[in-house]
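The values are calculated or read from the model by the stated rules, or taken from the named source; none is laboratory data. Just so you know, these numbers come straight off a predicted model, no measurement behind them. Every residue, glycine as well, gets a Cβ built from its backbone with ideal geometry; the counts of neighbours run over all protein chains shown. For accessibility, only protein heavy atoms count, side chains too; no ligands or nucleic acids. Shrake-Rupley method; radii C 1.70, N 1.55, O 1.52, S 1.80 Å.
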Amino acid sequence: MRILESIISKFRREERGTIAIAFAGAIVPIVVLIGVSYDFGRAFNTREIVQSTLDASVLAAGRAFDQSGSTQTAESAGRTFFTAALPKGTEAAVTAFSADGQGNVAMSASADVETTFMRIAGTNSLDIDVTAQSLSSDAGGMDVELAVVFDVTGSMSENNRITTAKTAANALLNTLMLDGPSTRSVRVSLVPFSQSVRLPTSRATEATNQPTSRVVNESYLNREYVCTRYWGNGSCREGSYQWVTRYRDVTYYRKDCMVERKASNNGGSNAVAYFDNPPSAGNYFNAFWSSSSNSTGCVPTYQVVPLTDSKATLTAAINALQPSGGTAGHIGTAWGWYTISERWSNFWPASSQPAVKDPVHRLKAVIIMTDGDFNYHYNSSFNDVNEPSSGSPNSGNGLSRTQASTICENMKTDGVEVFAVGVELPNGVSTARTTLENCVSDPNNLFDVHYYDVVNSLSSQTGLVAAFQSIGNDIASATGTGNSRLRVTR
């Protein structure tokens, strides 16, 4: 027994020695492996930092080219951005820059990461080289034709809504419309509406098929002294004052106001009032006339701006808007559609003609912005009817909100993307929200959100602006235009 215990004890002593020797032999490569991993980890993190900084730099350079058209300006912007954006403690530099004059920018950068443990093996630093490109190619992009239907009714004066709405619309333009050259077309129309829509005079002539003025020979009654008995010399001996019919030429002046068309022209579901039929025989818009040349204006007084790629033109028109009148939202909605409908191409000036539908390469969209219920429509004689007090809401084509809903459905069927922004809508009037929510498009593969409800944050001038900015960003991202027209590749 003692002999067995002695053998076991000796074996244990020899086993401990073997393990110790084995561990001593393995610890050096383990430490080296940990050190190498540490050095490579630092290098990997640095590479990610330099790469993300370079990605942002090529976008900055691309946008600088968009604004200036200058490759020198683009290079300066790219290099400056890289230096400023690189985190403190990261040593890297731009090693190459190129631009092709179309906004396509390529940049390279390098960095050296000093090692710690790898110095044992004679490697004092790890070299990092990264590249990035911002491309403005047509691949995956879309042209944009966008109508902004802008409420300028009297209630927009409350809480300074009109000022905030103008700020929001201008922010939208800044998002979508670049100041420099672009490979994609972005055109925007502006449709101010209240109780009607006002066209430029030449377009109103086309829409109504009526001249700007006309002379009508009209009869009128004039109270005159009429002789019934005469003296022998022919002078009047006896008479009386009587109403006598006379005739005269009267000049009438046509207004440029547009309201709804009669729904009965084609009848039923094909009624032109709810579709984008262009003006033609039997489908012309009603003309309003005044015998005073000083009374030919409309409410609103601001004209529709057809599709244009001039941000300056749109900005000037937006900044001039002031509120007045009632809310005939269906008329504004319809004219928003007309400005982007290919069926109206021959109606608008050459530079404003809508292009043909092409869902793959062109987005056609409408944004409806309003602060109230659509409550102003016209009867069959085109005399205005204020629905809450008219007592006959079904006169003419029916309620404004009902007409708007039908127009929206037909727009969406035609491939138009419909967005809406409700501005401080009264909680007691559910029809206002319901109308807008029914008007907008359903979520799809391009856009998740189409309706924005600005409730309490208007006074801070963030809610309404943020809504328009969100729509603008979504359109830019979906179409590769505006501030999202550049994409990064490596």
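Report yes if R203 is in a loop (DSSP other than H, G, I, E, B) and open to solvent by less than 50 Å² (accessible area, probe 1.4 Å), otherwise no. Write out each step before concluding.
Working: in a loop (DSSP other than H, G, I, E, B): no; open to solvent by less than 50 Å² (accessible area, probe 1.4 Å): yes.
No: the conditions fail for R203.
Only one residue in T327, T301, T308 is at pLDDT 95 or above and either among the hydroxyl-bearing types (S, T, Y) or in contact with a Lys or Arg (Cβ under 6 Å, 6 or more places away or on another chain) (or both). Which one?
Working: T327 fails: at pLDDT 95 or above; T301 fails: at pLDDT 95 or above.
Answer to the selection: T308.
In the set (1) under 17 Å from A432 (Cβ atoms); (2) under 18 Å from the mean Cα position of the chain (by Cα), A328 fails one condition alone, (2). Sub-6 Å Cβ pairs linking a first residue in the stretch 341-358 that is open to solvent by 10 Å² or more (accessible area, probe 1.4 Å) and at pLDDT 95 or above to a second residue that is among the β-branched types (V, I, T) and in a loop (DSSP other than H, G, I, E, B), at least 6 apart or interchain, are E342/V356, ordered by first then second residue. Taken over the stretch 84-96, the criterion of being modelled with pLDDT under 85, open to solvent by 30 Å² or more (accessible area, probe 1.4 Å) and hydrophobic (A, V, I, L, M, F, W, C) is satisfied by A84, A85. Every condition in (1) modelled with pLDDT of 90 or more; (2) open to solvent by less than 60 Å² (accessible area, probe 1.4 Å); (3) more than 34 Å from the chain's Cα centre (by Cα) is met by L221 except one, and the failing one is (2). Pairing residues of the stretch 433-445 that are within 24 Å of F150 (Cβ to Cβ) with residues that are open to solvent by 40 Å² or more (accessible area, probe 1.4 Å) and not in a helix (DSSP H, G or I), at Cβ distances under 8 Å and at least 6 apart in sequence or on separate chains, gives R433/D453; L436/Y451; E437/Y451; V440/Y451.
Summed over the stretch 364-383, residues that are open to solvent by less than 10 Å² (accessible area, probe 1.4 Å) and part of a strand (DSSP E or B) total 7.
Give S441, S405, S484 a once-over and let me know the one that is at pLDDT below 90 and of a type outside the set (D, E, K, R). Let's see the steps before the verdict.
Working: S441 fails: at pLDDT below 90; S405 fails: at pLDDT below 90.
One residue alone meets the criteria, S484.
Test V244 against the criterion of being closer than 30 Å to S293 by Cα, in a strand (DSSP E or B) and over 60 Å from the mean Cα position of the chain (by Cα), and give yes or no. Here the answer is yes, as V244 does meet what is asked. Within the stretch 199-217, one or more residues are closer than 24 Å to G398 by Cα, among the polar types (S, T, N, Q) and touching a residue at least 60 places away in the same chain (Cβ under 8 Å). In the stretch 456-485, the residues that are open to solvent by less than 50 Å² (accessible area, probe 1.4 Å) reach residues that are modelled with pLDDT under 85 and hydrophobic (A, V, I, L, M, F, W, C) with C-beta atoms within less than 6 angstrom, at least six apart or across chains, in these pairs: L464/L458.
Among the residues that make up the stretch 333-345, is at least one of them of a type in the set (A, V, I, L, M, F, W, C), touching a helix residue (DSSP H, G or I) at 6+ places or on another chain (Cβ under 9 Å) and not in a helix (DSSP H, G or I)? Show your work before the answer.
Narrowing the stretch 333-345 to residues of a type in the set (A, V, I, L, M, F, W, C): 334-335, 337, 340, 344.
Then keep just the ones that are touching a helix residue (DSSP H, G or I) at 6+ places or on another chain (Cβ under 9 Å); that gives 334, 337, 344.
Those left that are additionally not in a helix (DSSP H, G or I): none.
No, the stretch 333-345 contains no residue that is of a type in the set (A, V, I, L, M, F, W, C), touching a helix residue (DSSP H, G or I) at 6+ places or on another chain (Cβ under 9 Å) and not in a helix (DSSP H, G or I).
Residues checked against (1) open to solvent by 50 Å² or more (accessible area, probe 1.4 Å); (2) at pLDDT 90 or above; (3) in a loop (DSSP other than H, G, I, E, B):
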{"residue": "D66", "(1), (2), (3)": "no, no, no"}
{"residue": "Q72", "(1), (2), (3)": "yes, no, no"}
{"residue": "A77", "(1), (2), (3)": "no, no, no"}
{"residue": "F82", "(1), (2), (3)": "no, no, no"}
{"residue": "S98", "(1), (2), (3)": "yes, no, no"}
{"residue": "L126", "(1), (2), (3)": "no, no, no"}
{"residue": "S134", "(1), (2), (3)": "no, no, no"}
{"residue": "S157", "(1), (2), (3)": "yes, yes, no"}
{"residue": "A169", "(1), (2), (3)": "no, yes, no"}
